[in-house]
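Below is one structure, written out as structure tokens, with a few remarks after it.
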Amino acid sequence: MKNIFLSVCIFFLSLSIYSETEIEFSLNSDSIWRGLTQNNGEPTLGAEINFSLDNGFYSGAWIESCCSENNTYPNREIGYVFGYQKEINKNLDISFNYVGTNYPNSKNDNYDELELNFSFYDFGISYYKGLDNFPDYYEISYSYYFLNNSFNLSYGDFESYENDSSSNGSNYSIGVDILQKDFTLSFFYYYFNSNGSSNLDKDGAVFSISKKISF
């Protein structure tokens, strides 16, 4: 099944030479995934490429130097996504994605998800259906846009994976994205509220700078 999805993803990538292409590079003070640090508070580098077609189909891939909390953790994350977006009206968009996240030196940590997104005015609702017993995830977000900048809020809830209580809980984030010439400066505060034990609650602040190139 994964090979079929990967083949379809490659197919869309090949089509995308006729569409808009966007590349983004980023430097981050940490890698936060659903309220949890993936790099133990250490900086990461990331790169992402996205293709979009006029008919609503799109695809992309990314790599990040994250997930090295200790020597037994993977030292990089590589992923791909392909999907379809439909504008119902000027205030409502719907998208459906297949997302694959891979760790080359720790394949047991690989996971795949189906993602459904609703964007209504400045609100977003996302549902991630985990495949192969990977748990589901829900998220609600809001963004207020001003002067090419944005103020962002989000709330998400994630069930535990393989009885790992450290990942079972909800997360909150609040932050801003500031456009400065050709760069985007992002700052956000996050809080993870564990359902298992208050000793597992975590919070922190993350800063990142990114550069996008479109052609």
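Summary of computed values
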| item | result |
| --- | --- |
| Largest to smallest principal axis extent of the C-alpha atoms in the range 172-215, angstrom | 47, 18, 11 |
| Charge sum, other residues only, whose C-beta stays under 11 Å from Asp157's C-beta, Lys/Arg counted +1 and Asp/Glu -1 | -2 |
| Convex hull of Cα atoms in the range 111-215, direction-averaged projection (nm²) | 8.3 nm² |
| Expected 222 nm ellipticity per residue - DSSP helices of 4 or more, -39500 (n - 2.57), all of the chain, to 500 | -2000 deg cm²/dmol |
| Table column - 3J(HN,Hα) (Hz), the range 47-64, Karplus curve with 6.51, -1.76, 1.60, x for Gly and Pro | 9, 9, 10, 9, 10, 9, 9, 5, 7, x, 7, 8, 8, x, 8, 8, 9, 9 |
| Relative contact order (%) - the chain, alpha-carbon pairs under 8 angstrom, separation at least six | 15 percent |
| Lysines whose Cα lies under 26 Å from that of Lys211, excluding same-chain neighbours fewer than 8 positions away | Lys181 |
| P(r) weight above 33 Å for the chain, C-alpha pairs, percent | 13 percent |
| Whole-Å semi-axes of the range 83-165's equivalent ellipsoid (Cα gyration tensor) | 28, 15, 13 |
| Mean Cβ count within 10 Å, highest first, over the residues of peptides 47-57, 26-36 | 26-36, 47-57 |
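Every number here is computed from the coordinates shown, using simple stated rules; none is lab data. This one's a predicted model, so the numbers in the text were calculated from it and none came from an experiment. When we count neighbours, we look across all protein chains shown, and the Cβ atoms used for this are built from the backbone with ideal geometry, even at glycine.
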